[in-house]
Each structure stands twice: as structure tokens, then as C-alpha cells.
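Notes follow the structure.
Please treat every number below as a calculation from the coordinates, not as lab data. It should be emphasised that the depicted structure is a prediction, and the values quoted were computed from it without experimental measurement. Heads up, the Cβs are rebuilt from the backbone with ideal geometry, glycines too, and the neighbour counts pull from every protein chain shown.
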Amino acid sequence: MKNNLVLIGMPGAGKSTNGILLAKALGKDFVDTDVLIQVREGETLQRIMDSSDYLQLRKIEESVLTHIDINNTVIATGGSAVYSEKGMAHLKKNGIVVYLETPLQTLEQRIHDYETRGIAKHPEQSFDDLFIERSKLYNQYADIVIHCDQQSPEGVVHSVLDALKSKT
């Protein structure tokens, strides 16, 4: 039985915030893969990209994702996790993947540090283009899609819990 819960979605979708609340509600551990990357590399995501590029960050992210060996955990992934087929396949082996779908307009209201946040994207790529590109991948990997617009974090948690109940 899959006992991890894997959260995917755009930067600003609330993966970390909702992940902590879900872990508490489900009695699970919590891990944020962006934090795992930063601890392993000893640098922020933005510094990793500044010293190399977004493709190097994605390569590091894939390595971190494929080496995760945990159970009974809510895993908040970085927004670019879905670029790694190997990483997502590894996470799906023992996890239900939940896409926190958030409209572009809401994300733009939440993200004020787009250029310095450490988002793994081509330097010329706009947030709108990134949203379009990634949305397809999020839907491809999702076992459950939660529409997060107009929901508080508590509302999102209840929506996820309800979706999990109906899935079992």
C-alpha cells in the first residue's frame, strides 16, 4: 500500500504550507525536497542556479528525488520535480501524487520574488510560459487534482483528505 503523499504544483501553490498541515492531520512525517537539495548542496536554490544553471539544479533535484527512501511521509516537491521522469516514477512507487492546482492569477499574486526564488526555468522563460509548460506535466503525474483557488490552507487539507477517502 502506498503510504506517502507527494505534493506537486507550481511555486506558490502551497505545497510546503499545506504539506505541514496534511502531515499533522494524517499523523505523518513531512519532507520538503527543496530543503533537502539546499542541505545537501549547502546553498540556496538560487545560488545553485547562479553558479551553474537551471539544468544543473534539475539534475541535482533528480538525484535527490531518486534517493528518497522514506515511508509514512508527506513530501512537498519542488515545482520542477515533474521534469524528472525517474524522480516521479520513484516517488509514485510508494506515494499518491496530489497536484495542488492553482490558477496563474493567484500564483502571480503570491509570488513576488520570481527572479530570485530559485525557480528552475530557462532564463528567458516567463512565469506564464512556465505555468503552461508545467501544468501539462502536473496533470500527467497526478493521482488526485485539488483545485486550490478560493480555498484556505485548511480547506485544501479537507479537500485532500476527502479525495484520499474516496480513493481508498
Gaussian network model of the chain, springs between alpha carbon atoms under 10 Å - residue of ASP34, ASP143, ASP50 with greatest fluctuation: ASP50
- line: Taking the dipole of the chain about the Cα centre (Lys, Arg +1; Asp, Glu -1; charges at Cβ), the one of GLY79, PHE131, TYR99 that reaches farthest to the positive side is TYR99
statement: Amide H neighbours of VAL97 at under 5 Å, excluding residues fewer than 5 places away on the same chain, with H built from the backbone geometry, are VAL6, ASP143, ILE144
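Using Cα-Cα distances under 8 Å and only pairs 6 or more residues apart, what relative contact order does the chain have, in percent?
Values: 255 pairs, mean separation 58.6, N = 168.
Normalised by residue count, the contact order of the chain is 35 percent.
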statement: For ARG40 and ALA163, extending 7 Å from Cα along the Cα-Cβ vector and measuring point to point gives, in nm, a value of 2.6
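For region 1-71, what does the relative contact order come out to in percent, with C-alpha contacts under 8 Å and a separation of six or more?
Numbers: 30 pairs, mean separation 19.5, N = 71.
Once normalised by length, the contact order is 28 percent.
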query: Which entry in [x] 26, 17, 15; [y] 32, 17, 15; [z] 24, 19, 14 is this structure's computed semi-axes √(5λ) of the Cα gyration tensor in Å?
result: [z]
- line: Expected unfolding gain across LYS93-ASP129 under the 0.36 nm per residue rule, minus the alpha-carbon gap, is 10.0 nm
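Provide the packing ranking of 21-30, 38-47, i.e. peptides ordered by the mean count of other C-beta atoms within 10 Å per residue, highest first.
Working: 21-30: 16.2, 38-47: 14.7.
Per-residue Cβ counts within 10 Å, averaged per peptide and sorted highest first, yield 21-30, 38-47.
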statement: Long-range amide H partners of PHE30, meaning residues 5 or more apart or on another chain whose placed amide H is closer than 5 Å, are VAL74
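Please list 55-61, 120-126 highest first by mean number of surrounding beta-carbon atoms within 10 Å per residue. Please list the in-between numbers first.
Details: 55-61: 18.0, 120-126: 13.1.
The peptides rank, most packed first, as 55-61, 120-126.
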Hz values of 3J(HN,Hα) by residue in region 137-154 - Karplus curve (6.51, -1.76, 1.60), Gly and Pro given as x: 5, 4, 5, 4, 8, 6, 8, 9, 10, 10, 7, 8, 5, 6, 10, 6, x, 5
field: Rounded to 10°, Cα long-axis angle of helix 15-26 versus longest principal axis of the chain
entry: 20
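Given an 8 Å cut-off on Cα distances and at least 6 residues of separation, report the relative contact order of region 73-168 as a percent.
In percent, rounded to a whole number, it is 41.
From the cross-link list LYS86/LYS167; LYS2/LYS121; LYS15/LYS86, which pairs have alpha carbons spaced over 29 Å apart?
Exceeds cut-off: LYS2/LYS121.
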task: Note down the nm distance, to one decimal, between modelled labels 7 Å out along Cα→Cβ at SER63 and at LYS24.
output: 3.5
message: Suppose each label sits 7 Å from its Cα in the direction of the beta carbon; what would the LYS136-ASP50 distance come out to in nanometres?
response: 3.3
